[in-house]
1. Taking H192, is it open to solvent by less than 70 Å² (accessible area, probe 1.4 Å) and at pLDDT 95 or above?
2. Tell me which residues, restricted to the stretch 20-53, are open to solvent by 50 Å² or more (accessible area, probe 1.4 Å), of a type in the set (D, E, K, R), in contact (Cβ under 8 Å) with a residue 24 or more places away in the chain and not in a helix (DSSP H, G or I).
3. Of the residues that sit in the stretch 119-133 and are assigned to a helix (DSSP H, G or I), open to solvent by 30 Å² or more (accessible area, probe 1.4 Å) and touching a residue at least 12 places away in the same chain (Cβ under 8 Å), which one is nearest to G97 (Cα to Cα)?
4. The conditions are (1) open to solvent by less than 60 Å² (accessible area, probe 1.4 Å); (2) under 26 Å from G189 (Cβ atoms), and E254 fails exactly one of them. Which is it?
5. Sort out which residues of the stretch 131-160 are within 20 Å of the chain's Cα centre (by Cα) and more than 14 Å from T188 (Cα to Cα), and write them in order of number.
6. Using beta carbons and a limit of 6 Å, which pairs, at least six apart or on different chains, have the first residue in the stretch 140-158 and closer than 11 Å to L204 by Cα and at pLDDT below 95 and the second one part of a strand (DSSP E or B) and open to solvent by 10 Å² or more (accessible area, probe 1.4 Å)?
7. Can you pull out the residues in the stretch 3-19 that are more than 15 Å from A256 (Cα to Cα) and crowded, with 17+ Cβ neighbours inside 10 Å?
8. Here's a check for you: in the stretch 108-118, which residue that is touching a Leu at 6+ places or on another chain (Cβ under 9 Å) and of a type outside the set (A, V, I, L, M, F, W, C) is surrounded by the fewest Cβ atoms within 10 Å (Cβ to Cβ)?
Amino acid sequence: MLMAQVTDIHLGFDPDNPAEFNRKRLDQALKALSEMTPQPDMLLATGDLVDRGDQESYQRLEDAFSDLPFPVHMCLGNHDLRAPFMKQFPETPTVDGFVQYEIDDGPLRLLFLDTLEEGRHGGAFCEKRAAWLEERLTEKQEKPTILVLHHPPVESGIDWMNTHPDEPWVARLADTVAGHYQVKGMITGHLHRNISTWWRNISLSICASTAPQVALDLNPIDPENPDGRNMIVADPPAIALHWWNGRQLVSHFESADDHVMLARYDENLQPLVRALLAERPD
């Protein structure tokens, strides 16, 4: 099973520009995924779909996704707003007013979580959302499960974007997944950087954004002292591919840019390929 991911699209950041930079970057990423072989089974769009939560931007997002050769499943980030999102995408399931739902039609079960608290930059996960997740995890304890959400519940080392480990929502999520060993991974966004780590013995993959990315700087930040550090960089738009091989989730991070090709599989490399494959068990 192969799942593609885009995240932190931020459509509408430049709302009056019909040739918006973030739309161009999204189209570049979607084109790369659509032309890929093998094609993904689905696309996960993991929040901050638009920049201001406005209806027009959600309409443009639907237009961008309209001709893809695979289904798209979305969750919400801190720049999204539920009411205009649901007006544009009424087929997206909700529970208790939150955009939480499951996809269970293959070797993996995907549970999409809503970590949006409107007006707050960081994550949230209230008792109602936790109760839904607990019920879903208790239902099918033998089915390998992946959690899909916007906010990663981990410290990244990028001080101004960190999630503090003592935030109540992190503790509630940790309590909910505790003992549910069928949870094999978490797929998130929010940090605008490719990061891979572990949380509560669960692999956690954070995909960089299609919109411009956060600069890598692990120095502490002082809110009273603007020090001129780099904050946002325009590296190529990012995509991720998450491959379930029947045992574990393997995440690949890629850019949607052209690459300088140094070698191709031809008769010169055929001996190497034969030798590598011959080393494997029958």
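The values are calculated or read from the model by the stated rules, or taken from the named source; none is laboratory data. Since the model is a prediction, treat every value here as computed from it, not as a measurement. So basically every Cβ, Gly included, is an ideal-geometry build from the backbone, and we count neighbours across all protein chains shown. Areas reflect the complete protein model, heavy atoms only, side chains present, ligands, DNA and RNA absent. Shrake-Rupley method; radii C 1.70, N 1.55, O 1.52, S 1.80 Å.
1. Values: open to solvent by less than 70 Å² (accessible area, probe 1.4 Å): yes; at pLDDT 95 or above: yes.
The answer is yes for H192.
2. The first filter runs over the stretch 20-53 and keeps only residues open to solvent by 50 Å² or more (accessible area, probe 1.4 Å), leaving 21, 24, 27-28, 31, 35, 37-39, 41, 52.
Add one more test, that the residue is of a type in the set (D, E, K, R), and what stays is 24, 27, 31, 35, 41, 52.
Next, only the ones that are in contact (Cβ under 8 Å) with a residue 24 or more places away in the chain stay: 27, 31, 41, 52.
Correct list: D41, R52.
3. From the stretch 119-133, those assigned to a helix (DSSP H, G or I) are 127-133; that's our starting set.
From the residues that got through so far, the ones that are open to solvent by 30 Å² or more (accessible area, probe 1.4 Å) too are 127-128, 131.
If we keep only those that are touching a residue at least 12 places away in the same chain (Cβ under 8 Å) too, we end up with 127-128.
Details: E127: 13, K128: 10 Å.
Once the filter is applied, the top-ranked residue is K128.
4. (1)
5. Looking only at the stretch 131-160, we keep the residues that are within 20 Å of the chain's Cα centre (by Cα), and these are 133, 144-158, 160.
Answer for the stretch 131-160, where residues must be within 20 Å of the chain's Cα centre (by Cα) and more than 14 Å from T188 (Cα to Cα): L133, P144, T145, G157, I158, W160.
6. Qualifying pairs under 6 Å: none.
7. Going residue by residue through the stretch 3-19, those that are more than 15 Å from A256 (Cα to Cα) are 3, 10-19.
Hits for the stretch 3-19 are M3, H10, L11, G12, F13.
8. Of the stretch 108-118, the ones touching a Leu at 6+ places or on another chain (Cβ under 9 Å) are 108, 110-116, 118.
Of the ones still in play, those that are also of a type outside the set (A, V, I, L, M, F, W, C) are 114-115, 118.
Details: D114: 28, T115: 28, E118: 12.
Top of the filtered list is E118.
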